[in-house]
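Shown next, in structure tokens, is the structure this report addresses.
Values quoted throughout were computed directly from the atomic coordinates according to the rules given, and no laboratory measurement underlies them. All values reported here derive from a predicted model rather than from experimental measurement. With ideal geometry, Cβ positions are generated from the backbone for all residues, glycine too; neighbour counts draw on all protein chains shown.
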Amino acid sequence: MVRLELSLELNYEIYGQGSDFIFNIHNAYTAHQTVSHEKLELSQPINPEIYTDPATANRYMRLHAEEGQLKVRYQSTIDIKHHFADPAHIAEVSVAKLPAQVLSYIYPSRYCQSDRLHRMAIREFGHLWQGYSRVKAIQDWVQNRVVYTPNTSDSSTSAIDTLIEQVGVCRDYAHLMIALCRAVNIPARFVTGTDYGAYPVWGPPNFHAYVEAYLGDRWYMFDPTGSSIPMGFVRFGVGRDAADVPFATIFGAVNGLPPMIDIQAVVDAEQNLVLPHHCTDAISTSTSTI
């Protein structure tokens, strides 16, 4: 089991008549991810509404903040029990046999225009064995063609844009991989978390976007950037693409600073707590339902 201690801080300057926020920064509660401790601090006297989407387990916090400074601090301790499997034994699932709750992740979405990539995806990946190794091949293809370059994309950048420009950040890698998976009828979804173990040259710890593809009977994790350690991913939210799970949606005149995030692993042999590490197994923390 992996135990992680997370601390994040968000700072905003609010103008005018105040602003409304919807945050997705609370760790999700799932069968494989347990939040044993969490603490929320707000610099303004606010009573936020926190609710959970039953279909995704995404936890949202809605609040209204007045003019001035708003500081949001969230701390948590998370235990993650991973499912490991031999990649050679994980096959794809035909559309006819996909669980109903998975079907929405085979359709094109705002940032993942899989319908426009069908011919290319078939040419590149259609001849490969239909299983985990084909998804891994798509992940490697994206990783080898896109160069991680901050400040080269924005909220309008789609998978098609990333395919053409071949630069971007984690969300752009994820959108392109998801679109290519869906183009060959593999359900794939966008996941937000934190980048435990990321390359230090890419900057301080931050939010991270990665991919889950539905294979066999569950969702398996993939990181097309290749920059982080999947065993250290903490799940905040899942959706069709980034439009479904921004860490903050803001309504009003606001100036925000970059997030400050710290995440540490707890190692304890007596409790079977291990350090997140790279491995050759397929890794999952999600079943077909959540």
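A few points about this structure:
- Mean residue ellipticity, 222 nm, helices only, the chain: the sum of -39500 (n - 2.57) across DSSP H runs of n ≥ 4, divided by residue count and rounded to 500, is -4500 deg cm²/dmol.
- Length-normalised contact order of the range 1-60 in % [C-alpha pairs under 8 Å, at least 6 apart]: 36
- Comparing mean-square fluctuations of Trp219, Trp141, Trp129 from a GNM of the chain with C-alpha springs under 10 Å, the top value falls on Trp129.
- Cβ-Cβ FRET estimate between Glu13 and Arg62, R0 fixed at 22 Å, reported to 0.05: 0.65
- Across every pair of non-identical alpha carbons in the range 83-245, the mean reciprocal distance, once inverted, gives a Kirkwood radius of 15.6 Å.
- Per-pair calculated FRET efficiency, R0 = 35 Å: Leu257 and His278 via Cβ, rounded to 0.05: 0.60
- Degrees between helix 170-183 axis and first principal axis of the chain (Cα, 0 to 90, nearest 10): 40
- Cα shape, the range 57-130, gyration tensor, a/c 1.5 rule: prolate
- For the peptides 61-68, 210-217, the ranking by packing is 210-217, 61-68, with the highest mean count of neighbouring Cβ atoms within 10 Å listed first.
- In this simple spin-label model, placing a label point 7 Å from the Cα along the Cα-to-Cβ direction at both Glu5 and Ala96 gives a separation of 5.4 nm.
- Size of the chain from its Cα atoms: along the principal axes, largest to smallest, the extents are 58, 48, 40 Å.
- Of all aspartates and glutamates in the structure, the ones whose alpha carbon falls short of 18 Å from that of Lys39, not counting any fewer than 8 places away in one chain, are Glu5, Glu9, Glu49, Asp79, Asp262.
- Maximal additional length on extending the Glu38-Ser288 stretch stands at 87.3 nm, based on 0.36 nm per residue less the C-alpha distance.
- Theoretical gain in end-to-end length, Arg73 to Ala31 [0.36 nm per residue, Cα-Cα removed]: 12.6 nm
- A straight line joining the Cα centroids of the range 1-66 and the range 218-290 runs 15 Å.
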